[in-house]
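Peer 1: Please find one structure pasted underneath; my questions will follow.
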Amino acid sequence: MASFLRQLVAGPRKGHSEAGLDLCYVTDHIIATSGPSHTYPKRAYRNPLDQLVAFLDSKHGEDWAIWEFRAEGTGYPDHLVYDRIRHYPFPDHHPPPFALMPLILASMRNWLHGGALDGGGTTSAERHPARVVVVHCKAGKGRSGTASVSYMIAEEGWRAEDALARFTERRMRPMFGAGVSIPSQLRWVSYVDRWTQNGKKYRDRPIEIVEIHAWGLRNGVKVDVEGFLDDGKKIHSFHTFKKSERRIVQGDAPTDGGITDLVWEMAGYPSGTKAPEQAEYADATNNKDTSDNGGGDSSAAKEQEPSDLKPPAKAKTELIPETPKQKASAASRSSTFSTSSKLSRSSSKKSAGGGSGEAEPGGMAVIFRPAKPIRIPNSDVNIAVERRNRTHKSIGLTMVSSVAHVWFNAFFEGRGPEQDGEPDSSGVFTIEWDAMDGIKGTSRKGSRGLDKMSVVWRFADADAEAGAEAGGSSSSSSGGNKADPKVKLDTTTAAPGIQAVAVAGPDVVMEKDLGLRVQSPASADISRASSVLSADLPRYHKKEPTDSASEDVAVLESVKTSDPSGEELNATKS
């Protein structure tokens, strides 16, 4: 009976026929598995931890170690796996902070090349013939797939398309969707590919969101700017745009994509098990027209052709012009932030469309302009969109009909890898609705909230660096005041400013879904449609719940984050 329940819960994921467990060998030295459990009732329908350990012991002796990525909590104590475990937690259905990726990959490489799990010992250029890494998150799919594929690309020379196709082939049942299917996780895979091709240089810096331009914005859409806190364990909402921060350049908000689309989405159609066609590497991860590389050894990876190493073309600036003069010169603009900063603010008092009766009015062209730039403490930013339909205030309910979000990293969007670790000081990130992330790791987003949006960003320390250069620091010098682009920036130096921003916004955000919610009095300045679920409740509870979901609720104090040497990242923090 328990075996049947595990097969049922595993659903589209392949199991190991010999072990009877939900796991697969991505290669002969990378094993992906769903999160195991050692207590009932979850061990009845998930991998029993003791059975997983027994299988690994029988096949690999003492040459296995676990890398887990669950910000919601590992689900078992370290000693039950002989303390052979490394923790790199980040939230489900999201990419990791990119600054975490080099740490994950370096620690995996150190183990697979003969080093000790704590970072000691000696390593060799050749991979240890018996060592394996076991990766898991909750389902052993999105977060585990992102890490597995990234290692194959960065350390073993796989083409990104081949690595994604291999993971799907080994982890998923035929015709049951993609292994890594979330667009933002696929974007992170493309970042890893570019990072690898260009010398593995990365510099994490604080950024500012200056404006967001939206086309085809529906009425009732709330827009949040979010980012990582606590080494990536939490997602924090740094700013929610108010009605006064919306400039409607062209009114007549579209009305398509209403209740009919919502009903189909809530009923599960489409299922959303595949990556949307607009996402990067969608064909590869969906296993369209791809063939098996054969075998489990990394030598099966194809050598990258020179044509594969071409840097991406600089994206065309897409912004909404506010004046006739700007409309005439829009095509010839070359500076993204300087252009945006010169947009006429005197016209912000006028509105080309209606929407005065809407708490969150839409339009064919709308600019979100905060009172001051929104500071994010690192280079990863998430733009979250939620469309709500309000009932009468006497009823106090909100129907959430649309949920979507998108992550990007400013270092990569500013072409940092292709410019020897020195990205553009500002830029514009553009995304279409169909390419955004959906609900809980699927492509389902409900009814359409907008057609397209562009995010105007800049590095928060760009002005200071420009001043340092003007004061005599040569741009060609390898020394001076600039940080080494190979080294992750120590963001603790910006802690006072970061803390000031953090306490000003809403609390840590929860994962969102469609359906009815209760309106929150605390969000009256934003919109009556804001809900208790999205505004007032923390993502993680400090007290242990009493229901059967207690194992899935994170107790963040018990989660460790390790660097490649096995040392806890937050061990020195006060």
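Peer 1: May I ask which of LYS222/LYS372; LYS138/LYS452; LYS59/LYS274; LYS138/LYS243; LYS59/LYS138; LYS200/LYS233 have a Cα-Cα span longer than 29 Å here?
Peer 2: Numbers: LYS222/LYS372 18 Å; LYS138/LYS452 32 Å; LYS59/LYS274 33 Å; LYS138/LYS243 38 Å; LYS59/LYS138 23 Å; LYS200/LYS233 24 Å.
Among LYS222/LYS372; LYS138/LYS452; LYS59/LYS274; LYS138/LYS243; LYS59/LYS138; LYS200/LYS233, the Cα-Cα distance tops 29 Å for LYS138/LYS452; LYS59/LYS274; LYS138/LYS243.
Peer 1: Using unit Cβ charges (K, R positive; D, E negative) and no other charged atoms, how large, in debye to the nearest 20, is the dipole of the range 25-155 about its Cα centre? Mind dumping the intermediate values first?
Peer 2: Working: 13 positive and 13 negative charges, 81 e Å.
For the range 25-155, the charge dipole is close to 380 debye.
Peer 1: Once the other residues with Cβ under 9 Å from the Cβ of PHE228 are scored (Lys, Arg +1; Asp, Glu -1), what is the net sum? Don't skip to the end; give the middle numbers.
Peer 2: On the way: positive: LYS233, LYS234; negative: GLU226, ASP230, ASP231, ASP380.
Net of charged neighbours comes to -2.
Peer 1: Which order do you get for ASP231, ASP193 if you rank them by accessible area with a 1.4 Å probe, largest at the top? Could the numbers behind the result be given before it?
Peer 2: Details: ASP231 50, ASP193 20 Å².
From most accessible down to least: ASP231, ASP193.
Peer 1: Say the dipole of the range 71-140 comes from +1 at the beta carbon of Lys and Arg and -1 at that of Asp and Glu; which of PRO97, SER124, GLY73 then lies farthest toward its positive end?
Peer 2: About the Cα centre, the residue reaching furthest to the positive side is SER124.
Peer 1: About the Cα centre, and with charges only on the beta carbon of Lys, Arg (+1) and Asp, Glu (-1), how big is the dipole of the range 113-204? Nearest 20 debye, please. Working shown, then result.
Peer 2: Working: 15 positive and 9 negative charges, 64 e Å.
Dipole about the Cα centre, nearest 20: 300 debye.
Peer 1: For the range 98-146 and the range 378-455, what is the separation of their Cα centres, given in Å?
Peer 2: 31
Peer 1: Accessible surface of HIS79 in the full protein assembly, 1.4 angstrom probe, to the nearest 10 Å²?
Peer 2: Rounded to the nearest 10, that gives 120 Å².
Peer 1: Now a separate question. With a 1.4 Å probe and all protein chains left in place, how much of the accessible area of the range 20-108 comes from carbon and sulfur atoms, in whole percent? Before the final figure, lay out the partial values.
Peer 2: On the way: 1320 of 2370 Å².
Within the range 20-108, the accessible surface is 56 percent carbon and sulfur.
Peer 1: Can you work out ³J(HN,Hα) from phi for every residue in the range 213-218, in order, using Karplus 6.51 cos²θ - 1.76 cosθ + 1.60 and θ = phi - 60°, giving whole Hz and x for Gly and Pro?
Peer 2: Computed from phi, the couplings for the range 213-218 are 9, 10, 10, x, 6, 7 Hz.
Peer 1: Which net charge results for the neighbourhood of LYS452, defined as the other residues with beta-carbon distances under 9 angstrom from its beta-carbon, given Lys and Arg at +1 and Asp and Glu at -1?
Peer 2: Working: positive: none; negative: GLU318, GLU432, ASP451.
Here the count lands on -3.
Peer 1: What residues have an amide H closer than 5 Å to that of ARG387, excluding those fewer than 5 places away on the same chain, when H is modeled at 1.01 Å from N in the peptide plane?
Peer 2: LYS222, SER401, SER402, VAL403
Peer 1: Related question: Taking 0.36 nm per residue of sequence separation and subtracting the Cα-Cα distance, how much length would be gained by fully extending the chain between ALA371 and ASP28, in nm to one decimal?
Peer 2: Details: separation 343, 0.36 × 343 = 123.48 nm, distance 5.39 nm.
My answer for the length gained is 118.1 nm.
Peer 1: I'd like the distance separating the alpha-carbon centroids of the range 211-241 and the range 174-189, in whole Å.
Peer 2: So the two Cα centres are separated by 23 Å.
Peer 1: Continuing with this model, one more query. Summing Lys, Arg as +1 and Asp, Glu as -1, what charge do residues with Cβ under 14 Å from the Cβ of GLY61 carry, GLY61 excluded?
Peer 2: Values: positive: LYS59, ARG84, ARG131; negative: ASP57, GLU62, ASP63.
Taking every other residue near GLY61 into account, the sum is 0.
Peer 1: From the residues PRO206, VAL149, SER190, which one has its Cα farthest along the dipole of the range 106-235 in the positive direction, the dipole being from +1 and -1 charges on Cβ of Lys/Arg and Asp/Glu about the Cα centre?
Peer 2: Going by the charge dipole, the pick is VAL149.
The values are calculated or read from the model by the stated rules, or taken from the named source; none is laboratory data. As the structure is a prediction and not an experimental result, all values here were calculated from the model. Ideal geometry is used to build each Cβ from the backbone, glycine not excepted, and the neighbour counts take in all protein chains shown. The area values use the complete protein model at the heavy-atom level, side chains included, leaving out ligands, DNA and RNA. Shrake-Rupley method; radii C 1.70, N 1.55, O 1.52, S 1.80 Å.
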